[in-house]
Amino acid sequence: MLQQLTEEDLTADAFRFYKARQLSVAGVPVLALRLSYVGELGWELYAPAEFGRGLWDAIMGAGAEHGIIPVGRRAFESMRLEKGFRLWGADMSREHSPAEAGVAFAVRGAAESLSRAEPQRTLMCLVLDDPARVLLGGEPIYAAGGNEVIGYVTSADQGYSVGESIAYAWLPGPAEPGTEVMIDYFGLRCPARVATEPRFDPAGERMRS
């Protein structure tokens, strides 16, 4: 769809994943980033504000035959949780180390020392036993069969592509996949288990295709 609006070659070989380039899209100067925060083949496009309406109309027009629709934050949240993408300010902050937050792979140089320490807490993926139960975030977590709070949920949503209710949470750890916990949801104890991540497209092939 985007290829219709620019003369630049946007194939995977010509414009590789995680690269950026200045493009002209429908005559609008755009900084295009070949990445996706929702786990699919996609782009982030940055353009001067005065060209925003024209760029939007051009993209929607080119995508009409493909059934393009604008979707909002809830779709974004669901898809990024399926991919295990952390959200700064929600899942992690400056008080967490890269190793604790599961992003040590992105650290280089002197900061690597932050990733070598054994984490005392870890941001982990949980899957609820009941796929229809969707949490809000901020819920306390108990060890299975216990009454002591051991952690809390940071982000949660329905993973529509995988048919699971997903929550990310800070827990003592790391904990092994399959570890059972109970999440307090307005007084109801919801059973959940530590799960491997990401839940969707673990190899990341869809973003790079």
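Some observations on this one:
- Within the accessible area of the chain, the carbon and sulfur atoms contribute 55%, probe 1.4 Å, all protein chains present.
- Once each of the trypsin sites (Lys or Arg not before Pro) sitting in a DSSP loop with at most 16 other beta-carbon atoms within 10 Å is removed, the chain keeps 109-209 as its longest stretch.
- At most 14 other Cβ within 10 Å, DSSP loop - chymotrypsin sites (Phe, Trp or Tyr not before Pro), segment 96-178: Y160
- Placing unit charges on the Cβ atoms of the charged side chains and taking the dipole of the chain about its Cα centre, the candidate lying farthest along the positive direction among M1, G204, V25 is V25.
- Normalised contact order of the chain, rounded percent, pairs of Cα under 8 Å and 6 or more residues apart: 19
- Within segment 72-209, antiparallel bridges make up roughly 95 percent of the DSSP beta bridges whose residues both belong there.
- Which labelled figure in (1) 74, 32, 25; (2) 61, 43, 30; (3) 64, 54, 29 is Cα extents along the principal axes in Å, once derived from the coordinates: (2)
- Here the dipole of the chain is about 320 debye; that uses its Cα centre as origin and unit charges on the Cβ of Lys and Arg (positive) and Asp and Glu (negative).
- Considering only Q158, F51, G146, and ranking their Cα positions along the charge dipole of the chain that arises from unit charges at the beta-carbon of Lys, Arg, Asp and Glu, the one farthest toward the positive end is F51.
- Computed from Cα positions, the angle between helix 73-82 and the longest principal axis of the chain comes to roughly 60 degrees.
- Surface per residue (accessible, 1.4 Å probe) for segment 115-195, Å²: 49
- 222 nm mean residue ellipticity, helices alone, for the chain (DSSP H n ≥ 4; -39,500 (n - 2.57); rounded to 500): -4000 deg cm²/dmol
The values are calculated or read from the model by the stated rules, or taken from the named source; none is laboratory data. Quick caveat, the model's predicted, so the values are computed rather than measured. Cβ coordinates were reconstructed from backbone atoms using ideal geometry, including for glycine residues, and neighbour counts include every protein chain displayed. Areas reflect the complete protein model, heavy atoms only, side chains present, ligands, DNA and RNA absent. Shrake-Rupley method; radii C 1.70, N 1.55, O 1.52, S 1.80 Å.
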